[in-house]
Amino acid sequence: VHGDESSGSSTPQMSTIVSIDFGTSRSALAFSHGGEVKVFTPTSAVFRRFDSRKIETALLMDQKSNKVLKFGIPAKHSFVDEDGKDLLFEWFKMHLADLEDSSDNKIIKDQSGRPRKLLDVLSGAFLFMSDEIMNELDKQGLRIGKQETFWVITIPVMWSAAANSMMRKACVAGGMIAHELAQNIRFVNEAEAATHEVIRADGFQAKKGAKFAVLDCGGGTADMTFLELVNLSPVRIREISRPIGAPAGATRIDRNFTHVLETIFGRRFEKIKQTPAFAELMLTFEDAKISFQEGDSGGKVFRFSQVVEDYNARNPKSEYSMSEFASDVQRAMQNNPRFAQIGVRERSLTIPMAMFREWFDSIILEIIELLNEAFENSNTRQVSTVYLVGGFSQSEYVFSKIKAALSLKGIQLIRPEKPDVAIVMGAVRAQLAEAMSVRCAQFNYGIITNTNYDEKKHEKSKSRLVDGKEKVEIYDLFVPQGSEIPNNFETPKKNYFPLREAQTEVSFKLAIIDCESLPNVVYADDHRIKIHSEVTVPVNTRLPMNERSINCQLRFRGVPELVLTNDEGYSLHDLNGLVVKTGGW
C-alpha cells in the first residue's frame, strides 16, 4: 500500500558543523560556527618540521586498555621512544576497501604484528579527532557537546555500504552520535565534498549550463564526480552521471619505496622503521613526491647516515656501519635487476628518476584509464573542465600528466589553490549551503518484503506458507538506478505490516542492485541483491493486527537512509528496542 508523499528534510539545523576527511595516509578537520570555514590542525598531532594543514593517519594505542595515546607523527615517535611497547597503526583505512559485511569486524595488525579489531582502531581515530576539535571549540567559548554538533564525514566513491556502516559504528563509539540512525551526521563522497569548495574558489568561472568534473586523487583512491551548473545565484549543481572511482592512490608509491628499503636492509628493516630518523626520511620522501616533475634528471637523493646512527643507538650490539649499508645496496642491485640503477654515495641512497617515474606512471595510467572510461559516457562528453583536488594532486608530475591526457580530449585541467584541503572544507560548505540540487542514483534502491503469492506473477517454487497463507519474498523497488534524486529527497511512504500475529518486532532490509534494468519481479534470493543496512523496530502488539502498520520511506542526503514511522507520523527510530544491523555488498 502506498501512503502519502512527503517532502523536505529532517536534518537538524545545528550552528556548529565539523567535517573529518579521514584519509589513508593523512586526515584533516575543519569546522564552522557562524559561516566562516576554518581548517583545524591539532597541535598534539603535528611534528616540529612538518608544517601541514593535514595530519598523518597514525594511531598509538595502549596495549592493555586500547586507549588512544597519540595521533599523527608524534604517535610514531612515541612508539619508537617506548621501544614498541604500545600499538601503532597506520594505513588502517585500507582495510575498509574490501569489507563485504560490517558485522565482519576483521582483525588487523599493528606495526609489530599485534592484533586488534578494526572497529577498535577506527573508533580510536574518531574519538581522538572529535575530542581534539571539541577542545578547540571549547577554547573559543563554544561549550557544546559532540551530539549537539553536526558531523560531515567524507568517504570514497567506491566504498561498499559495509564500509560506510563500519564508519557509523566508529562514530557511535567515538561519542559523536547516539546511535547509527542519528540525524546529526551525514556522509559525503570525497569528490562531491570538494565540489562545494571548487565552486566557491576564485578560479571558478563556469557559465550556467556548463558541465564539469571534479577528480580527487588521494592516498588510497581516485574518485570522480560529473556535474552541471544549473544556477548561478544561488549556486546550484546537479550530477549528470554516476560518480566513479578506482584504487589508484599515492600510498602505492610509498610501498614501492619501502619495498626497496626492505630489500636492502633485510631482517634489520623492521627495527629501522621504528627509528625517529626513518619517520624523518618518509617526510623527506613525501616532499620528493610532491616536487617531482617531468623534466627532472639524475635521481632523488636520500641521506641514510642518521637512520643508521639511530638504528645503532637502539641496537648497540649490531654496530651496523655505512660501509655495510653500501654493501647491502650493492647486493640488492645484483639480486634484483630492477634495482640496478640505484646508487649509493656519501652516506646517501639515490633512486633513479626512471624508477621514480615508473612508480608514478603505474598509478597515473590507472587514473587516465578511469578518465577515458568516464568520457565514453554520452552524458559526460560535454564536460569542458576537470578540477583536480586531493593530497596526490599536489604532485607537479601528476598534474602535468593528467593535464596532457585531458588536453587530447580538449578538456581543461584546473587545480585549486589549496587542493589538499578542498575536500574537508567543501564538506563543511556542503552542510552550510547545499549546492547539489540533483544526484544520479548509483544503484537500484529497495527493501526486502513479503507479498501474497499470485500464480500469474510469481514462480510457484518461490512461495511458502506463513500462518496458513501463501507468501513470496521479493525485492520492493523504491528508486531505479540512474534516476534523478533531488537533494534531501524522500520517497513516497509505503505501508507494511508484521508477517505473523505473534511478531514483536519487524526488520527492514535496505537493499541495492547494480543493474540498469530489472524484471517486473525480483525475488529476495537474487544473487545481485546486496544488503545495505537493516533496521529492526518493535511492534505494538496491543493493537489489532490491521492497525500494526509501519510506514517506510527512503531519504537521500548523499547516501540513502531508512525512515520508519507509525500511522501518527512518529519516528520509530528512537523507541526503546531499536536494533540496527548492517550488511555489505
Problem - Whole-number percent relative contact order across the range 189-270, with pairs defined as alpha carbons under 8 Å at least 6 apart - result: 23
Exercise for the section: At most 16 other Cβ atoms within 10 Å plus a DSSP loop assignment makes a site exposed; report the longest stretch of the chain without any exposed GluC sites (Glu not before Pro). Expected result: 101-293
Practice task
Report, ordered by chain and residue number, the aspartates and glutamates lying within cross-link reach of K139, taken as a straight Cα distance under 19 Å and ignoring same-chain residues fewer than 8 apart.
Solution key: E36, D131, E148
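Normalising by the residue count of the range 397-477, find the relative contact order in percent from Cα pairs under 8 Å and 6+ residues apart. Before the final figure, lay out each step's value.
Working: 50 pairs, mean separation 18.3, N = 81.
Relative CO of the range 397-477 lands at 23 percent.
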Practice task
With a point put 7 Å past each Cα toward its Cβ, work out how far A354 is from Q330 in nm, to one decimal.
Solution key: 2.2
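Given the convex hull over the Cα atoms of the range 66-145, what projected area results after averaging over all orientations, in nm²?
That works out to 6.6 nm².
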Handout entry: Calculated on alpha-carbon atoms, Rg and Dmax of the range 260-352 in Å
Key = 13.4, 44
Practice task
Quick one: accessible surface of R528, probe radius 1.4 Å, all protein chains present, in square angstrom to the nearest 10.
Solution key: 70
Exercise for the section: Please give the direction-averaged projected area of the C-alpha convex hull for the range 215-303, in square nanometres with one decimal. Expected result: 9.5
Exercise for the section: Find the percent of Cα-Cα distances in the range 296-415 that exceed 24 Å, and round it to a whole number. Expected result: 50
Practice task
Can you tell me how much longer the chain between E270 and S407 gets when fully stretched, taken as 0.36 nm per residue apart minus their C-alpha distance, in nm with one decimal?
Solution key: 44.9 nm
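Tell me, in nm to one decimal, what length is gained between R200 and S78 on full extension, where the rule is 0.36 nm per residue of separation less the Cα-Cα distance?
39.9 nm
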Problem - In nm, spacing of pseudo-spin labels at L432 and R338 (7 Å Cα→C-beta vector) - result: 4.5
Practice task
With the full set of protein chains in place, find how many percent of the accessible area of the range 62-175 is carbon and sulfur; take the probe as 1.4 Å.
Solution key: 45
Exercise for the section: May I have the count of lysine pairs in the range 436-514 with C-alpha atoms under 15 Å apart, counting pairs 8 or more residues apart or located on different chains? Expected result: 6
Handout entry: Taking N as its residue count, the alpha carbon Rg of the range 208-256 over 2.2 N^0.38 Å
Key = 1.51
Problem - For the range 101-142: span of alpha carbons on each principal axis (Å, largest first) - result: 41, 27, 7
Completion exercise
One point scatterer per Cα, no solvent, Debye formula: log10 I(q)/I(0) for the range 116-218 at q = 0.22, 0.24 Å⁻¹ comes out as -1.16, -1.26
Exercise for the section: Note the full-extension length gain between E396 and E148 as 0.36 nm times their separation in residues minus their Cα-Cα distance, in nm to one decimal. Expected result: 85.1 nm
Exercise for the section: Run the numbers on the range 264-356 and let me know its relative contact order in percent, using alpha-carbon pairs under 8 Å that are six or more apart. Expected result: 33
Exercise for the section: Starting from the coordinates of the alpha-carbon atoms of the range 414-527, obtain the Kirkwood hydrodynamic radius over all distinct pairs and give the value in Å to one decimal. Expected result: 17.6
Problem - Distance histogram for the chain (every C-alpha pair counted, 10 angstrom bins, percent rounded to whole numbers) - result: 3, 16, 24, 24, 17, 10, 4, 1, 0
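Mind checking Rg over Rh on the range 458-507, alpha carbons, Kirkwood formula for Rh? Working shown, then result.
On the way: Rg = 15.5 Å, Rh = 14.3 Å.
We get a ratio of 1.09 for the range 458-507.
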Practice task
Alpha carbons only, please: Rg and Dmax for the range 14-136, in angstrom.
Solution key: 14.9, 45
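With a 1.4 Å probe and all protein chains left in place, how much of the accessible area of the range 177-317 comes from carbon and sulfur atoms, in whole percent? Could the numbers behind the result be given before it?
Working: 2560 of 5370 Å².
Roughly 48 percent of what the probe reaches on the range 177-317 is carbon or sulfur.
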Practice task
Calculate the spin-label point distance for V235 paired with T284, positioning each point 7 Å from the Cα along the beta-carbon direction, and give it in nanometres.
Solution key: 4.1
Fill in the blank from the handout: Rounded to two decimals, the Debye log10 I(q)/I(0) of the range 348-471 (Cα scatterers, no solvent) at q = 0.20 Å⁻¹ is -1.30
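Are there trypsin sites (Lys or Arg not before Pro) in the range 142-221 that DSSP marks as loop and that have at most 13 other Cβ atoms within 10 Å, and which are they?
When the trypsin sites (Lys or Arg not before Pro) of the range 142-221 are filtered for loop state and at most 13 Cβ neighbours within 10 Å, R143, K207, K208 remain.
The values are calculated or read from the model by the stated rules, or taken from the named source; none is laboratory data. The model shown is predicted, which means the values in this text are computed figures rather than measured ones. With ideal geometry, Cβ positions are generated from the backbone for all residues, glycine too; neighbour counts draw on all protein chains shown. Heavy atoms of the whole protein, side chains included, go into the accessibility calculation; ligands, DNA and RNA do not. Shrake-Rupley method; radii C 1.70, N 1.55, O 1.52, S 1.80 Å.
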